[in-house]
Amino acid sequence: MSLDRGLKEEITKKFQLHEKDTGSADVQIALLTEKILEITDHLKRSPKDHASRLALLKLVGQRRKLLDYLNSTDTKRYQTLINRLKLRK
């Protein structure tokens, strides 16, 4: 359940801060969000897959830590990222 190379490159280009950016918090959060959505869909089809459920919880925690870091360092970037990813209602 990993992202294919094309989708990963597309997300990276969409959320990168500059041309050579591949690892900023924005890109990492966007990639984690896509993985979370993929695993969530999988768990809807396979509700007894507890290993995937654990992986989902770990990914959500990792994304939460990155979001907290981004909020503490650059709140404006945090707000725009949340709006772009539609994470909050």
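The values are calculated or read from the model by the stated rules, or taken from the named source; none is laboratory data. Owing to the predicted nature of the structure, the values given are computational and were not obtained by experimental measurement. Cβ coordinates were reconstructed from backbone atoms using ideal geometry, including for glycine residues, and neighbour counts include every protein chain displayed.
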message: Need the failing condition index for LEU87 against (1) part of a helix (DSSP H, G or I); (2) within 27 Å of GLY6 (Cβ to Cβ), just the number.
response: (1)
message: Can you tell me how many residues within segment 19-43 are free of Cβ contacts under 8 Å to residues at least 24 places away in the same chain, part of a helix (DSSP H, G or I) and either in contact with a strand residue (DSSP E or B) (Cβ under 8 Å, 6 or more places away or on another chain) or not hydroxyl-bearing (Ser, Thr, Tyr) (or both)?
response: 4
message: If I filter segment 1-18 down to residues being in contact (Cβ under 8 Å) with a residue 12 or more places away in the chain and surrounded by 15 or more Cβ atoms within 10 Å (Cβ to Cβ), which single residue comes out as nearest to THR73 (Cα to Cα)?
response: PHE15
field: Complete set of residues in segment 55-87 that are of a type in the set (Gly, Ala, Ser) and free of Cβ contacts under 8 Å to residues at least 12 places away in the same chain
entry: GLY61, SER72
- prompt: Taking the stated definitions as given, is ILE29 modelled with pLDDT of 95 or more and out of contact with any Lys or Arg (no Cβ under 7 Å at 6 or more places or on another chain)?
  reply: no
